[in-house]
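The structure under discussion appears below in the form of structure tokens.
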């Protein structure tokens, strides 16, 4: 038998449930798509949430985020985008490759989109121009592909006597791979390097690529711009250390995790800027009124213990130019 106080409590709780549900429904919902898993982008997600917070939104308090993770299965991305469109989210944020942004763009012409891409968004067809995007999409270009030539030059400076460099790319991200190879081959011709391309789109294929490198013995490795390869950074670092292959990466997350060297933009800050743009759209700004932001801060990071582990002495001139040296 339920006592009177318990009955009142139960009735009060039952009455509160639809109120709480309605309160949640009134919160704007950001749809968030990434081609990887959440574990691969922990620091970056923290940056995105910080951008929201900087502009007045805290997840769970006054905004909800509907996450969609492709778990490195690129063919899932279009359906994830379509799912968010059916859910009628307020804005869609895309990370993890240009193919994710393009899938969102193909799924809706009305819901605002904030993208993070490493290639030129005009060339990709995401916006009409950087200054005036004109459609339903805008975002951040962190210039990863545009920095390919500079990254290769730094690798050559690290190894002045090198003549043969392996380049690891993910063929399933066709646009990024095409842009990377075009730029790296042009830069290699300029500085007199021979390039050997290796493909990998699964962990097993990464192992196979390293087995091939061990047989062919290139003097260095250049890891291409790709969300999948970024998500496999622990595997890549272990293999490059085991086989003593000097390697240049795209983001500081690699040397922080034990890799040798990276040159690229401040990717966590780019995610923070994406959070700011998403928040501004929630507050009523149209995507067409938000110019595409381009990264302006670039970091050369060198890990000295990683260099010692493979018996490599980093030239003092390169150390002097580094923005961060991990001791």
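Read-outs throughout are calculated quantities, based only on the coordinates presented, and are distinct from any laboratory measurement. Since the structure is predicted, the reported quantities are computational estimates derived from the model, not experimental observations. Backbone-built Cβ (ideal geometry, glycine too); neighbour counts: all protein chains shown.
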Subject >> region 75-150 - Kirkwood radius from inverse mean 1/r over Cα pairs (Å) >> reply: 12.6 Å
Original post:
Separation between the residue 131 and residue 283 pseudo-spin-labels, each 7 Å from Cα along Cα→Cβ, expressed in nm?
Top reply: 2.5 nm
Subject >> Average projection area in nm² (convex hull over Cα atoms of region 72-214, one quarter of hull surface) >> reply: 9.8 nm²
Original post:
Can you give the translational diffusion coefficient of region 141-278 in µm²/s, computed by Stokes-Einstein from the Kirkwood radius over Cα pairs at 4 °C and 1.567 mPa s?
Top reply: 86 µm²/s
**OP:** Measure nothing but the geometry: give the 0 to 90° angle between the long axis through the Cα atoms of 174-191 and the longest principal axis through the Cα atoms of the chain, rounded to 10°.
**Re:** 30 degrees
Original post:
Given the alpha-carbon gyration tensor of region 205-327, what are the semi-axes of its equivalent ellipsoid in whole angstrom, ordered largest first, with each equal to the square root of 5 times an eigenvalue?
Top reply: 34, 18, 11
**OP:** Provide 177, 240, 55 in ascending order of the number of other Cβ atoms located within 10 Å of each residue's Cβ, fewest first.
**Re:** 55, 177, 240
Subject >> Additional length obtainable on full extension of the chain from residue 199 to residue 159, 0.36 nm per residue less Cα span >> reply: 12.1 nm
Subject >> Tail beyond 13 Å, pair distance distribution of region 149-206 (Cα, percent) >> reply: 61 percent
Original post:
What is the packing order of peptides 80-89, 253-262, 289-298, taking the mean over residues of other C-beta atoms within 10 Å and listing the highest first?
Top reply: 253-262, 80-89, 289-298
Original post:
region 104-138 to region 157-220: how many Å between their Cα centroids?
Top reply: 30 Å
**OP:** For a quick protection proxy, order the peptides 127-135, 90-98 by their average other-Cβ count within 10 Å, most packed first.
**Re:** 90-98, 127-135
Original post:
If you project the alpha carbons of the chain onto the principal axes, what extent comes out on each, in Å, largest first?
Top reply: 83, 51, 36
Original post:
Regarding region 219-286, what whole-number volume in Å³ per residue does the convex hull of its Cα atoms give?
Top reply: 91 Å³
Original post:
From Cα coordinates alone, what are the radius of gyration and Dmax values for region 13-152 in angstrom?
Top reply: 16.4, 64
**OP:** Any chance you could give the angle, 0 to 90 degrees and rounded to 10, that helix 77-87 forms with the longest Cα principal axis of the chain?
**Re:** 20 degrees
